[in-house]
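Participant: Mind looking over this structure? Questions follow.
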Amino acid sequence: MESPASQLTKRIKLLILEVIGQPKTTLIPADYARELVAQGVLDFIYFWLTQTPVQSPQQAYTIFTRSRELSPAQLLN
């Protein structure tokens, strides 16, 4: 994922954007909402895969889904 020649990160992000589709919120512009979600998912995947040892997919999914229920302030407190 870190190689400058690799297209993996770009392809994963495009896949994430395709899966999340168009947001239904009008609270912020749609392109910002999509970017925030897509980049957050991509950053989570990268962080997960670069840890030693790497958690199982089930453990990572549990952490990810729990994190989506919390605000940033709740995550840090």
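Participant: If you check V41, V37, V19, which single one turns out to be among the aliphatic types (A, V, I, L, M) and open to solvent by 100 Å² or more (accessible area, probe 1.4 Å)?
Facilitator: V19
Participant: Among the candidates L27, L14, L42, which residue alone is without any contact (Cβ under 8 Å) to a residue 60 or more places away in the chain and either closer than 18 Å to A60 by Cβ or in contact with a Gly (Cβ under 6 Å, 6 or more places away or on another chain) (or both)?
Facilitator: L42
The values are calculated or read from the model by the stated rules, or taken from the named source; none is laboratory data. This one's a predicted model, so the numbers in the text were calculated from it and none came from an experiment. Ideal geometry is used to build each Cβ from the backbone, glycine not excepted, and the neighbour counts take in all protein chains shown. Heads up: the accessible areas ignore ligands, DNA and RNA and are worked out on the full protein's heavy atoms, side chains in. Shrake-Rupley method; radii C 1.70, N 1.55, O 1.52, S 1.80 Å.
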